[in-house]
1. Please work out whether the range 20-86 counts as rounded, prolate or oblate from its C-alpha gyration tensor, where a ≥ b ≥ c are the square roots of the eigenvalues and a/c under 1.5 means rounded, while otherwise a/b larger than b/c means prolate and anything else oblate?
2. Pop the C-beta distance of Gln2 and Phe44 into the FRET formula with R0 = 30 Å and round what comes out to the nearest 0.05.
3. Report the calculated FRET efficiency for Glu13 and Asp83 (r = Cβ-Cβ distance, R0 = 25 Å), to the nearest 0.05.
4. Check each of the chymotrypsin sites (Phe, Trp or Tyr not before Pro) in the range 1-63 and keep only those in coil by DSSP with at most 16 other C-beta atoms within 10 angstrom; list them in order.
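Taken together, the values in this text are just the output of simple stated rules run on the coordinates, not laboratory data. Since this is a predicted model, take the numbers as computed values, not measurements. Don't worry about glycine lacking a Cβ; one is built from the backbone with ideal geometry, like all the others, and counts go over all protein chains shown.
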Amino acid sequence: MQLITCPWCGEREEIEFHYGGQAHVAYPDDPYALDDEQWAQYVFFRDNPKGPFAERWVHAAGCRRWFNAVRDTVTHEFLAVHDTRDPHPRTPGTAPGAEPHTGQEAGR
């Protein structure tokens, strides 16, 4: 069983957590102005990279708090975990001074 580190509770078994999707996906500024295709892009289309990926997780069977994590999608290793209010941490796959990949670059 994989262990996941909650920023508040520490290391726990993976069955205590639930995946919440890609992190850093901004809610539309004017949701009423979006047409059906734009809503579909916002709701259903997410990045699917090979390697480090920013995700949202909730410690459902513990403190019930949401947090962000950077997880390697190849090895499933958690590279970093942090409070959703904290800036994106540097990880082994992030170059110094580089902006984190947020999925917003493709016009979303």
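1. Working: a/c = 2.62, a/b = 1.56, b/c = 1.67.
Oblate, since a/c reaches 1.5 and b/c is not below a/b.
2. Working: r = 27 Å, r/R0 = 0.90.
The computed FRET efficiency comes out at 0.65.
3. Values: r = 21 Å, r/R0 = 0.84.
It comes out at approximately 0.75.
4. Numbers: sites: Trp8, Phe17, Tyr19, Tyr32, Trp39, Tyr42, Phe44, Phe45, Phe53, Trp57; in loops: Trp8, Phe17, Phe45.
Passing both the DSSP loop test and the Cβ count: Trp8, Phe45.
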